[in-house]
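*Asks:* So that we are looking at the same thing, I have put the structure below in structure tokens.
The values are calculated or read from the model by the stated rules, or taken from the named source; none is laboratory data. Being a predicted model, the structure only gives us computed values, none of them experimental. Glycine gets a Cβ as well: all are built from the backbone with ideal geometry, and neighbour counts include every protein chain shown.
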């Protein structure tokens with residue numbers, strides 16, 4: 001290349017860089033369907049490059065601008081007028097749509113050696129050096145075991161109709177085996193349920209929220225052993241018999257993907273396994289699916305006619321949006337959704353795992369017998385969806401994330417628009433960005449892919465940092481969380497208008513609590529818990545915003561009037 005052409009290339013790259021930021025483009029038009037791009041440069045483009053170089057420039061600008069504009073159009077299309085409203089009202093939802101708050105046993109109960117409770121895998125994991133970022137644990141957590149009446153009073157004052165909580169398996173059966181019921185555990189949950197009902201609050205119970213009895217892990221390998229299906233069924237049967245006369249919404253398992261991937265692949269959650277990551281996560285998930293189906297079968301055969309309740313499964317899903325118009329990115333995004341939702345919903349609705357998982361995992365993916373397929377089909381009364389955030393998905397041959405689960409997907413999760421702008425405002429956790437349009441898309445996806453089942457949004461929320469130096473009044477003024485709930489709820493309302501059968505919504509979380517491997521460094525609560533002053537409870541601005549919202553008002557800033 002001669003010096004003239006080198007200079008031309010250098011000038012060309014300057015133009016390309018400027019064009020990317022629209023500083024020197026007087027007009028840009030694009031047809032996304034055909035990838036055609038026209039760029040007219042301003043007066044600073046005063047050189048005459050070779051024709052082949054022009055093609056190179058136009059191609060480079062075309063790729064960047066087309067991708068950027070496609071993403072910007074995405075925002076306009078899926079946020080819509082409803083999600084851009086400054087306020088959202090209770091009247092935007094059907095009259096029979098309910099609102100609740102959620103927690104889980106290990107995150108809030110505490111009393112880990114009281115009331116006959118046996119140890120769980122999270123007790124062992126959190127007591128292991130280096131597993132929890134702030135070296136904390138759930139021994140006391142936020143002490144709901146002793147303060148449940150106070151917390152029920154808070155739920156009632158804030159106007160919520162439902163409280164979703166989980167039962168600690170090892171509080172019912174200390175060793176998990178189902179041979180001897182712990183009456184103190186039964187009494188505790190009876191008291192909690194009755195206290196809720198006295199205040200007009202309906203209980204929604206999750207049977208398993210990650211806290212497996214430690215004995216089952218140590219003696220039989222936990223979710224890696226098929227025998228656990230039998231023990232889970234015994235546990236579920238006991239809970240249905242003990243509490244089902246007052247509980248109408250049951251959840252078998254919360255986020256089985258997190259147990260399988262973070263527990264048995266990456267190792268970041270209890271039981272912290274990563275030695276057999278090419279097989280173990282799929283085996284753990286397989287047994288969780290069968291345990292779910294076994295519990296549903298028991299409920300339908302023994303309790304449903306008399307108790308009249310419903311049983312569902314809760315799945316977590318971040319929306320996966322293709323990073324570009326390239327077919328390989330679109331395919332990667334679809335693959336990502338199959339590995340998240342299809343992993344569990346395909347066996348339930350179609351009798352087997354998604355084809356893409358079968359193709360990519362081969363013999364590492366366990367097989368269902370014909371009898372198991374029959375047990376699985378339609379073993380769900382509703383889909384519980386935990387949704388917090390979204391990602392752009394690009395196809396890459398080698399995923400940058402750890403774990404076989406991610407490597408098998410051949411994708412990268414991206415949080416930036418072209419040019420470096422984030423997909424949404426970042427919350428405290430590295431993984432959580434405020435992307436309201438994602439929840440509308442994932443709700444529509446479930447409806448379209450699985451014949452529009454009843455859906456409850458079982459978790460939705462965002463976190464703040466635990467800032468020990470900030471005064472209390474600043475920690476209570478959670479402006480971004482108010483914005484988060486407004487915009488996500490507006491998107492849920494829009495999904496209902498789209499025809500999605502969404503019937504209820506639970507905000508995560510009622511209280512700041514033990515946030516798993518992050519310990520107490522992140523705060524998701526509507527109610528601030530003062531860890532240094534007796535675990536006192538203080539409603540945040542977002543709690544008061546919900547109070548007004550649930551009363552039919554809109555509220556301006558969420559602060560207490």
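*Asks:* Considering the range 160-173 alone, what residues qualify as being buried (at least 22 other Cβ atoms within 10 Å of the Cβ) and either touching a helix residue (DSSP H, G or I) at 6+ places or on another chain (Cβ under 8 Å) or part of a loop (DSSP other than H, G, I, E, B) (or both)?
*Replies:* Once the filter is applied, which keeps residues that are buried (at least 22 other Cβ atoms within 10 Å of the Cβ) and either touching a helix residue (DSSP H, G or I) at 6+ places or on another chain (Cβ under 8 Å) or part of a loop (DSSP other than H, G, I, E, B) (or both), the range 160-173 yields 160, 163, 165, 166, 167, 168, 169, 170, 171, 172, 173.
*Asks:* If you don't mind, there's one more thing I want to ask. Residues of the range 502-539 being out of contact with any strand residue (DSSP E or B) (no Cβ under 6 Å at 6 or more places or on another chain) and on the phi > 0 side of the Ramachandran plot, which ones?
*Replies:* Once the filter is applied, which keeps residues that are out of contact with any strand residue (DSSP E or B) (no Cβ under 6 Å at 6 or more places or on another chain) and on the phi > 0 side of the Ramachandran plot, the range 502-539 yields 516, 519, 534.
*Asks:* Identify the residue in the range 419-434 that is touching a helix residue (DSSP H, G or I) at 6+ places or on another chain (Cβ under 9 Å) and part of a strand (DSSP E or B) and, among all such residues, is surrounded by the most Cβ atoms within 10 Å (Cβ to Cβ).
*Replies:* 434
*Asks:* With (1) part of a loop (DSSP other than H, G, I, E, B); (2) at positive phi as the list, and residue 367 as the residue in question, which single condition is left unmet?
*Replies:* For residue 367, the exception is condition (2).
*Asks:* Restricting attention to the range 477-499, report how many residues are assigned to a loop (DSSP other than H, G, I, E, B) and either in contact with a strand residue (DSSP E or B) (Cβ under 7 Å, 6 or more places away or on another chain) or not assigned by TED's automatic domain parsing to the domain that holds residue 456 (or both).
*Replies:* Of all residues in the range 477-499, those assigned to a loop (DSSP other than H, G, I, E, B) come to 477-478, 499.
Okay, now just the ones that are also either in contact with a strand residue (DSSP E or B) (Cβ under 7 Å, 6 or more places away or on another chain) or not assigned by TED's automatic domain parsing to the domain that holds residue 456 (or both), so 478.
So the answer is 1.
*Asks:* Another one. Of the residues 442, 457, only one is in the same structural domain as residue 508 (by TED's automatic domain parsing), in contact (Cβ under 8 Å) with a residue 12 or more places away in the chain and not in a strand (DSSP E or B); which? Please lay out each step first, then the result.
*Replies:* Details: 457 fails: not in a strand (DSSP E or B).
Just a single option satisfies the conditions, and that option is 442.
So that you can scan it fast, the table gives a plain yes or no per residue for (1) modelled with pLDDT of 95 or more; (2) out of contact with any helix residue (DSSP H, G or I) (no Cβ under 6 Å at 6 or more places or on another chain); (3) part of a loop (DSSP other than H, G, I, E, B); (4) buried (at least 23 other Cβ atoms within 10 Å of the Cβ):
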residue: 179; (1), (2), (3), (4): yes, yes, yes, no
residue: 187; (1), (2), (3), (4): yes, yes, no, no
residue: 191; (1), (2), (3), (4): yes, yes, no, no
residue: 194; (1), (2), (3), (4): yes, yes, no, no
residue: 197; (1), (2), (3), (4): yes, yes, no, no
residue: 203; (1), (2), (3), (4): yes, no, no, no
residue: 211; (1), (2), (3), (4): yes, no, yes, yes
residue: 218; (1), (2), (3), (4): yes, yes, no, no
residue: 223; (1), (2), (3), (4): yes, no, no, yes
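*Asks:* Would you pick out the residues in the range 264-284 that are within 15 Å of residue 225 (Cα to Cα) and touching a residue at least 60 places away in the same chain (Cβ under 8 Å)?
*Replies:* Across the range 264-284, the qualifying residues are 271, 279, 281, 282, 283, 284.
*Asks:* While we're looking at this one, here's another question. Give the range 121-146 a look and list any residue that's surrounded by fewer than 20 Cβ atoms within 10 Å (Cβ to Cβ) and touching a residue at least 24 places away in the same chain (Cβ under 8 Å), or say none.
*Replies:* Once the filter is applied, which keeps residues that are surrounded by fewer than 20 Cβ atoms within 10 Å (Cβ to Cβ) and touching a residue at least 24 places away in the same chain (Cβ under 8 Å), the range 121-146 yields 124, 128, 133, 134, 135, 136, 139, 140, 143, 146.
*Asks:* Let me ask something else. Report yes if residue 507 is buried (at least 24 other Cβ atoms within 10 Å of the Cβ) and assigned to a strand (DSSP E or B), otherwise no.
*Replies:* yes
*Asks:* Give the number of residues within the range 466-504 that are touching a residue at least 60 places away in the same chain (Cβ under 8 Å), surrounded by fewer than 22 Cβ atoms within 10 Å (Cβ to Cβ) and under 14 Å from residue 385 (Cβ atoms).
*Replies:* 2
*Asks:* Quick one: which of 407, 373, 330, 367 is more than 15 Å from the chain's Cα centre (by Cα) and touching a residue at least 24 places away in the same chain (Cβ under 8 Å)?
*Replies:* Within the list 407, 373, 330, 367, the selection yields 373.
*Asks:* What is the residue count in the range 226-275 for residues that are at positive phi and either outside the structural domain of residue 403 (by TED's automatic domain parsing) or in contact with a strand residue (DSSP E or B) (Cβ under 7 Å, 6 or more places away or on another chain) (or both)?
*Replies:* Count: 1.
*Asks:* Before we move on, is residue 534 modelled with pLDDT under 95 and more than 15 Å from residue 467 (Cβ to Cβ)?
*Replies:* No; evaluated as a whole, the condition is false for this residue.
*Asks:* For residue 546, indicate whether it is in contact (Cβ under 8 Å) with a residue 12 or more places away in the chain, over 17 Å from residue 156 (Cα atoms) and crowded, with 22+ Cβ neighbours inside 10 Å.
*Replies:* Values: in contact (Cβ under 8 Å) with a residue 12 or more places away in the chain: yes; over 17 Å from residue 156 (Cα atoms): no; crowded, with 22+ Cβ neighbours inside 10 Å: yes.
Answer is no for this residue.
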